Amino acid sequence: MPRFSRRSFLHLSAAATAAASFRFMSEPMLAAASRRKPHSPDAVMIDSNENPLGPSQSARDAMASILPQGGRYSDNLTDDLVQTFAQMEGLDPEYVTATVGSTPPLALSVLAFTSPQKTYVTADPGFELGMMTAENNGARVVKVPLTKAHAHDVKAMLAAAPDAGVFYICNPNNPTGTLTPRSDIEYLIANKPADSVVLIDEAYIHFTEAAPPSLDLVKSGKDVVVLRTFSKVYGMAGIRCGLLIARPDLAKRVLQRGGFNFMPITGVVAATASLRDTSLVAERRHINTTIRQQTFQWLDRNGFTYIPSESNCFMVDVKRPGQEVRDAMGKENVMIGRIWPIMPTWVRITVGTQQEMAKFQTAFGKVMKA
Ligand SMILES: Cc1ncc(COP(=O)(O)O)c(C=O)c1O
């Protein structure tokens, strides 16, 4: 009898496979690529939307106790994660697949549903990974500016690409941290071309209570693929675990693009422990919101313009080329950014710890006076 379940074969290959073939870049690579110089070990790193708190105590304990079993594939642990999430969300486990973070399923979804004939439609500014993957796949990429309220402009997205294969909705959006209302997402689903999918990236969903639900759209059989990650609120970016939630026929098309692999058992048990830690998300949301709002109050007091965010990152208008401010902040040992071409005078800031944001304020105040 094989020791692994049928589900094992649906697991994704590591990001490296796709990165090697298609040269796409995800958040840490994009952040590092746009840093001009290597940073010092004591630098304040608020340029990659990481969680400085790291994994929860329950996740750390789970990883420590599983280490002796690291010589085995232990696919049953991945099944536990899938069952736990499915049960918590009232989903059929067949709709849930564990992934090595959300980078691989994002890229693979774009590969599966775009082509030279099937366009990739995204917000501008928006997270770049899908755009790069679509370009590498020979697909047309259509970038549609956010509305004045910084939501995805779903009507403009629909109008821009009757040949769409993927409508990418990042909610809350990276880099703005802003939300797109449920009614807009429903409108998009109801009016999209029949053979396209709506790819809803919920990497930052846990940072806000205002975000509209979307898993029920999967449950009710819509052409929707939802991505979750343990990299953000759960602080597991370096541990790697994510979830792909979609109708099995759509998930199959995505996963077929990536080959098969097993999940790292550390990531899987840490993710399961994090889900079972019922107070964790609320605690961390509270910490992030408190520090973000304190930072906004400081920006208000000092007359800086920013976009109010619901997430762990936000955009500030520096009213000069953003890269100049990034470079100057780098000299102060505070790594911020990056910059999106559509907003050349704005820089993205990740919400760090209270101490890190105090250092940010000192450096930013100095740089902006210069
Ligand atoms: C919007 C969005 N989606 C997906 C990812 C991929 O993250 P990971 O692969 O760590 O889950 C990121 C990373 O920052 C992101 O910002």
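The values are calculated or read from the model by the stated rules, or taken from the named source; none is laboratory data. It should be emphasised that the depicted structure is a prediction, and the values quoted were computed from it without experimental measurement. Ideal geometry is used to build each Cβ from the backbone, glycine not excepted, and the neighbour counts take in all protein chains shown.
Within the stretch 241-255, does at least one residue satisfy the condition of being in a loop (DSSP other than H, G, I, E, B), crowded, with 24+ Cβ neighbours inside 10 Å and within 13 Å of the ligand (Cβ to nearest atom)? Yes, because at least one residue in the stretch 241-255 is in a loop (DSSP other than H, G, I, E, B), crowded, with 24+ Cβ neighbours inside 10 Å and within 13 Å of the ligand (Cβ to nearest atom). Right, V198: at pLDDT 95 or above, in a strand (DSSP E or B) and more than 10 Å from the ligand (Cβ to nearest atom) or not? It is true that V198 is at pLDDT 95 or above, in a strand (DSSP E or B) and more than 10 Å from the ligand (Cβ to nearest atom).
Within the stretch 307-336, being within 16 Å of T176 (Cα to Cα) and within 21 Å of the chain's Cα centre (by Cα) holds for I307, P308, S309, E310, S311, N312, C313, F314, M315, V316, I336.
Being within 16 Å of the ligand (Cβ to nearest atom), in a loop (DSSP other than H, G, I, E, B) and at positive phi is a description that does not apply to G126.
Looking only at residues that are closer than 13 Å to G238 by Cβ and in a loop (DSSP other than H, G, I, E, B) in the stretch 50-71, which one is nearest to the ligand (Cβ to nearest atom)? Here the answer is E50.
Within the stretch 167-191, residues that are touching a residue at least 60 places away in the same chain (Cβ under 8 Å) and within 15 Å of the ligand (Cβ to nearest atom) have Cβ atoms under 9 Å from residues that are in a helix (DSSP H, G or I) and of a type in the set (V, I, T) in these pairs: P172/I205, counting only partners at least 6 apart in sequence or on another chain. For the stretch 81-103, residues that are more than 15 Å from the ligand (Cβ to nearest atom), of a type outside the set (D, E, K, R) and not in a helix (DSSP H, G or I) total 3.
For (1) within 16 Å of the ligand (Cβ to nearest atom); (2) farther than 29 Å from S220 by Cα; (3) of a type in the set (A, V, I, L, M); (4) free of Cβ contacts under 8 Å to residues at least 24 places away in the same chain, each residue gets a yes or a no:
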| residue | (1), (2), (3), (4) |
| --- | --- |
| T266 | yes, yes, no, no |
| H286 | no, yes, no, yes |
| F304 | no, yes, no, no |
| E310 | yes, no, no, no |
| G322 | no, yes, no, no |
| I339 | yes, yes, yes, no |
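Taken residue by residue, the stretch 129-144 has at least one member that is assigned to a strand (DSSP E or B) and more than 23 Å from L250 (Cα to Cα).
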